[in-house]
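Everything on this sheet refers to the single structure shown next.
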Amino acid sequence: MAKSFTPSFNVADKITVAFSTNNPKGEDRKSLPVTIVALVFNENTRSIEATGSDNRMRQCRIDRMSDQKMVQNITKQLQTAYNNGTKVCFIAAGGNDPAVWFYNLVDSI
């Protein structure tokens with residue numbers, strides 16, 4: 001005798017986020033203050049790579065950002081912080097490690 005399966009569940013609504021992660025409901029995490037010592041764009045991973053004064057290279061995957069304006073804003077913020085030697089804190093989305101990933105940054109106090 002063949003059994004049949006009738007699904008009785010609903011698909012969850014898509015969560016609107018500024019930066020797509022595997023854990024969209026995870027809290028943002030902030031790094032310790034650092035100055036940016038190097039900035040490059042990795043064509044293979046399509047990532048902005050920022051090396052801090054703590055010798056850690058952090059990546060921002062631009063294809064995970066919600067729109068082009070966000071990419072332009074983060075690029076401008078990074079360049080300004082790099083040029084001025086400003087101490088910044090990197091912000092990682094979805095509970096990820098801000099010593100490895102970022103999608104935003106803020107000036108350190």
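Descriptive notes on the structure:
- For the stretch 74-109, backbone nitrogen atoms closer than 14 Å to the point 7 Å from residue 32 Cα along Cα-to-C-beta are found at 88-90, 98-100.
- Taking a sphere under 15 Å around the Cβ of residue 37 and counting the other residues whose Cβ falls inside, with K and R at +1 and D and E at -1, yields a net charge of +1.
- The packing ranking of peptides 31-38, 61-68, 49-56, highest mean first, is 31-38, 49-56, 61-68, where packing means the average number of other beta carbon atoms within 10 angstrom of each residue.
- If the chain linking residue 79 and residue 40 were pulled fully straight, counting 0.36 nm for each residue of separation and taking away their Cα-Cα distance, it would gain 13.0 nm.
- Neighbour net charge for residue 63 - beta-carbon separation under 14 angstrom, K R +1, D E -1: +1
- Phi angles across the stretch 34-48 convert, under the Karplus curve 6.51 cos²θ - 1.76 cosθ + 1.60 with θ = phi - 60°, into 3J(HN,Hα) values of 9, 9, 8, 9, 7, 10, 9, 10, 8, 5, 5, 9, 6, 10, 7 Hz, Gly and Pro given as x.
- Taking Lys and Arg as +1 and Asp and Glu as -1, the other residues whose beta-carbon sits under 13 Å from that of residue 101 total +3.
Since every read-out is calculated from the coordinates, none of them should be taken as a lab result. Keep in mind that what you see is a predicted model, and the values were worked out from it rather than measured. Here Cβ is always computed from backbone atoms with ideal geometry, including for glycine, and neighbour counts include all displayed protein chains.
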